[in-house]
1. How big is the Cα convex hull of chain A in projection, averaged over all directions, in nm²?
2. Using a basic spin-label model with each label point 7 Å from the Cα along Cα→Cβ, how many nm lie between A:Arg277 and A:Arg719?
3. With a cap of 16 neighbouring Cβ atoms within 10 Å, and only residues DSSP puts in a loop, list the trypsin sites (Lys or Arg not before Pro) found in segment A:72-127.
4. Just list whichever of A:Lys315/A:Lys572; A:Lys159/A:Lys398; A:Lys129/A:Lys149 have alpha carbons separated by over 18 Å in the model shown.
5. Report, by chain and number, residues whose modeled amide H sits under 5 Å from the one on A:Gln637, excluding near sequence neighbours (fewer than 5 apart, same chain).
6. Sort out for me the Cα centre separation of segment A:182-230 from segment A:244-284, rounded to whole Å.
7. Within straight cross-link reach of A:Lys465, meaning Cα distance under 25 Å, which lysines are found once same-chain residues fewer than 8 apart are removed?
8. For a quick protection proxy, order the peptides A:186-192, A:31-37, A:278-284 by their average other-Cβ count within 10 Å, most packed first.
Amino acid sequence: MDSSSEGSFGREVAEPMLNEPQTEAVLHAQGPLLVLAGAGSGKTRVITYRVANLLAEHGVPPYRLLAVTFTNKAAAEMRQRLDRLVGPEVVRDLWVGTFHATCARLLRRYHAAVGLSRDFVIYDDSDQKAVVTRILRASGIDEKQYPPKAFLHAIHQAKQDVLLPEDLPSRTPFEKLTRQVYEAFQEKLRAANAVDFDDLILHVMRIGESRTREEGEELRRKFRHVLVDEFQDVNAAQYRLVRALVEGHHNLCVVGDDDQSIYRWRGADVRIIRGFRKDFAEAQVVKLEENYRSTGNIVRSALGVIRRSGEREPKELFTQNPNGAPVLVVATRDERDEAACVVEQIREALRRGVEPKDIAVFYRIHAQSRVLEEAMRAEGLPYQIVGGTRFFDRAEVKDVLAYLRVLANPSSDVDLLRIINVPARGIGAATVDRIAEAASRAGISVHDAVLDRLDACGLAGAASKRVAGFAAMLRSLRAVQDAGPRELAERVLEATGYAKALKDENTAEADARLENVSELLSSLEDYEDEAVAAGGTPTLQDYLERVSLESDADKLGKEGARVPMMTVHAAKGLEFTLVLLTGLEEDLFPYRSPSRERDDLEEERRLAYVAVTRAREQLVITHASTRMIFGTTRYCQPSRFLGDMPEDAVEHAVSRTLSGSMEGRVRPAMFVRETTRQVARETTREAGERYVEMDPDETWLSAGRSVEHTRFGVGKVVRLESAATPPVVIVHFAGWGEKRIVASFLKPA
DNA sequence: CAGTCATGAGTTTTT
DNA sequence: CTCATGACTG
């Protein structure tokens with residue numbers, strides 16, 4: 001699949017495996033181009049070849065070509081492939097990066113246009129939450145009634161849609177408060193010389209759309225070609241940014257798959273890719289429908305799931321690959337039994353010689369991972385959780401980074417407030433409040449208040465002395481001049497006593513934290529080496545930007561000998577020889593929140609499609625009859641998605657534990673309970689077993705009717721096999737296939 | 001001011 | 001169940 005032709009810049013670039021007109025459009029089209037790339041159709045290859053061709057054949061200078069991805073990992077992968085096609089010396093000048101990284105880079109250049117200084121910092125979720133919490137406290141808003149999360153969500157949502165506070169409705173009290181908090185939030189960020197993730201996009205978008213600023217014109221002329229990967233996931237702000245960038249020439253190539261749009265809740269708007277042809281009437285459209293990744297059975301299963309989706313860009317995924325093994329659907333008793341089955345499958349695969357990194361375990365929500373982890377650990381199988389808490393989100397790492405961020409950008413109040421009493425130096429909440437209040441009265445940052453206006457804070461003698469000590473320490477750290485980022489971090493650890501405080505704690509937990517801190521130091525060292533190798537100078541600010549924009553998934557693959565375990569969301573864009581997809585049960589996948597009842601079934605369906613299409617050779621799906629989740633045991637029915645897979649592509653199995661528990665003993669759970677709709681008379685046949693006798697006139701058993709079985713869940717009657725008493729029917733259950741069932745085990749659904 | 005207990009809430013999270 | 005947050009107590 002991966003052409004290894006060693007084309008160097010200027011030489012002709014090998015062509016991807018497409019038919020003639022597709023190749024022509026993909027490689028050479030000017031103007032807008034929409035590539036609808038089905039799962040596994042090799043879209044990365046397409047983008048890579050297009051870029052290579054634009055450079056080699058069309059003479060586009062690398063620094064005038066922008067390729068945008070959504071993850072750092074995808075960007076790195078593209079770089080790597082291009083290295084081989086056109087050579088590293090060309091790739092170095094290319095603009096390849098995520099939306100956020102690209103915007104951060106542009107914003108470092110155009111910072112003045114939006115009133116930021118060059119040293120701006122990027123606030124992550126917890127920083128943002130800290131800001132909102134401070135606003136709520138300052139304005140006396142009850143955090144119980146109006147949780148910070150709600151405001152953050154609303155602000156985030158608004159920004160994705162390019163809405164200012166005054167654009168928001170203000171009918172309900174919450175809406176009124178939201179406007180107020182949003183406004184204060186922006187003010188606080190501005191004062192702290194900080195941006196959030198959305199601002200990175202918005203600021204650059206505003207510059208790009210500006211008719212009055214010369215930077216606007218400059219930005220609009222900057223790139224001759226723009227390519228966007230995973231276009232189904234763009235939001236309104238990102239789309240407007242891209243449109244501004246290509247305004248003069250419309251040389252915009254977007255690649256995506258509306259069936260894989262799974263981030264609507266994060267502002268991604270699948271309508272943008274679906275409406276692309278309306279916005280760019282002259283757009284050429286290429287559909288890539290051949291899947292090169294997976295076996296026939298996997299592709300047909302995926303198709304079965306997605307085909308039932310309502311509105312979608314019509315396409316038929318197909319493959320010429322052999323059918324391969326059927327998709328194995330295993331019914332298990334509970335989540336422990338499920339984990340045991342997963343472990344067994346992994347063992348088996350390892351025995352066959354599959355490498356750990358080519359196996360993956362998926363789940364819908366993180367809460368499922370614990371049991372799976374325990375089973376892996378018990379069996380001595382090495383695994384790696386992808387996602388979850390990022391390394392850079394750990395408290396101790398954030399602490400050290402907060403020190404570094406204050407040194408790089410003293411206006412950042414959130415960072416300063418985080419570290420003012422870490423490690424504990426006797427500066428309590430009351431003192432901190434006083435300082436913060438004095439700072440806000442004087443209209444200066446907390447940092448400046450601490451260093452220059454301490455006497456104006458009205459602190460008691462002891463408190464004042466301690467804060468002065470903190471200020472002196474900061475001053476001496478700021479005076480450090482010729483140290484690289486790593487050395488500076490070491491000095492921070494030393495001067496603040498942070499390392500010592502952890503050592504003195506002398507607990508296993510503290511040791512683990514200490515370990516993370518030294519990992520941070522080695523990350524700084526890696527960065528320095530890398531920067532020097534790239535011919536640049538390592539700077540603290542550059543490092544801080546990187547860590548803000550880096551995710552856990554980016555590191556995946558660096559650990560080769562571990563089985564990765566992740567949520568389905570984290571799996572997008574990845575592929576594995578063997579995929580174990582767990583928890584395919586109603587209410588778990590598709591997920592239904594107990595509180596909200598918003599129906600996001602379509603997105604859940606696309607999520608299932610993404611999960612299935614990750615597998616190259618083998619897909620094993622598990623579901624459990626009961627599951628302990630959030631402390632309560634739930635009874636589970638197989639997911640409707642299982643029923644959407646073609647019968648001939650799937651093989652059903654029952655775990656040993658479950659089949660054991662079904663056999664040879666009284667099965668009270670399987671006997672039907674009387675329902676109101678049933679005209680039935682209960683009689684006792686044998687001791688301990690209760691049957692329900694059916695009225696022979698009942699029509700609820702006719703073909704097509706929905707019936708419910710305590711174990712198999714809801715199914716559809718295929719036909720009545722015997723009208724005896726009780727009658728026997730053939731029923732098709734999602735996830736179980738066709739079953740011959742005595743009607744007394746059924747009730748109407 | 002800094003630990004300890006109670007209470008409550010609980011998807012997914014490329015950046 | 002498990003984590004985070006808030007009130008309470010030395």
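1. Working: hull surface 154.0 nm².
Quarter of the Cα hull surface area: 38.5 nm².
2. Rounded to a tenth, the inter-label distance reads 4.3 nm.
3. On the way: sites: A:Lys73, A:Arg79, A:Arg81, A:Arg84, A:Arg92, A:Arg105, A:Arg108, A:Arg109, A:Arg118; in loops: A:Arg92, A:Arg118.
Passing both the DSSP loop test and the Cβ count: A:Arg92, A:Arg118.
4. Numbers: A:Lys315/A:Lys572 20 Å; A:Lys159/A:Lys398 26 Å; A:Lys129/A:Lys149 7 Å.
Flagged as over cut-off: A:Lys315/A:Lys572; A:Lys159/A:Lys398.
5. Amide H neighbours of A:Gln637: A:Glu586.
6. For segment A:182-230 versus segment A:244-284, the Cα centre distance is 19 Å.
7. A:Lys500
8. Values: A:186-192: 18.3, A:31-37: 22.4, A:278-284: 12.7.
Order by mean packing, descending: A:31-37, A:186-192, A:278-284.
The values are calculated or read from the model by the stated rules, or taken from the named source; none is laboratory data. What you are looking at is a predicted structure, and each value in this text was computed from that prediction instead of being measured. In this analysis, Cβ positions are derived from the backbone assuming ideal geometry, glycine residues included, and neighbour counts consider all displayed protein chains. Heavy atoms of the whole protein, side chains included, go into the accessibility calculation; ligands, DNA and RNA do not. Shrake-Rupley method; radii C 1.70, N 1.55, O 1.52, S 1.80 Å.
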